[in-house]
1. Kindly evaluate F57 against the criterion of being touching a Gly at 6+ places or on another chain (Cβ under 8 Å), part of a helix (DSSP H, G or I), in contact (Cβ under 8 Å) with a residue 12 or more places away in the chain and outside the structural domain of S127 (by TED's automatic domain parsing).
2. Inspect all residues belonging to region 96-111 and state whether any of them is at pLDDT 90 or above, of a type in the set (A, V, I, L, M, F, W, C), in the same structural domain as A21 (by TED's automatic domain parsing) and in contact with a Phe, Trp or Tyr (Cβ under 6 Å, 6 or more places away or on another chain).
3. Check region 96-109 and report whether any residue there is touching a residue at least 60 places away in the same chain (Cβ under 8 Å) and either assigned to a helix (DSSP H, G or I) or over 21 Å from the mean Cα position of the chain (by Cα) (or both).
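The values are calculated or read from the model by the stated rules, or taken from the named source; none is laboratory data. Since the model is a prediction, treat every value here as computed from it, not as a measurement. Don't worry about glycine lacking a Cβ; one is built from the backbone with ideal geometry, like all the others, and counts go over all protein chains shown.
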Amino acid sequence: MQSTEANATSFPEGSNGKIVAYKERLLPGPFSWILIFVMTASLGIAYGDVYGITFGFFLTGFSTIAIYLVMYFSSPIVLVDDLVLQVGNARLPLNFVSQPQILDAQQTAKSRRLPAPKNAYLVMRASIPESILVQVGDLTDPHPYWQFSSRKPKQVLKALTDSVKSSAS
């Protein structure tokens, strides 16, 4: 295990590397997008009945686009580069990544049912069945492990193991 002092000298806190090995935005599933459209359409119908059909169409379109943009830009990003693993706003330097593994749909569902340690870092999406589990190798880090959803866990694992190997050499 390495100390955080070694980490602080390797790169400035809060910065990412320059070579991106993998990037994924954890967008909500299709059901969420359809539900938002149905809700905004019902809002447009209700207001369109009172203020006119043109206003109803405008309100439906505007509110749907606005909520879609909020959903898109507020979705967490999984990023693996030459320095860090970033999930959402949290960054884990690659020299502290330990034992990354893929959890299949059954293992991920089981991990969602079992109580996790209070200090585990979890970024899980219900619409994404598989996840990645990464042990944190920094003894001073409050998080024993990170678990996060991914639609392409094999690609994340490959990028993570390749980046960890290249950062160690």
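1. Spelling it out, F57 is indeed touching a Gly at 6+ places or on another chain (Cβ under 8 Å), part of a helix (DSSP H, G or I), in contact (Cβ under 8 Å) with a residue 12 or more places away in the chain and outside the structural domain of S127 (by TED's automatic domain parsing).
2. Looking through region 96-111, none of the residues is at pLDDT 90 or above, of a type in the set (A, V, I, L, M, F, W, C), in the same structural domain as A21 (by TED's automatic domain parsing) and in contact with a Phe, Trp or Tyr (Cβ under 6 Å, 6 or more places away or on another chain).
3. yes
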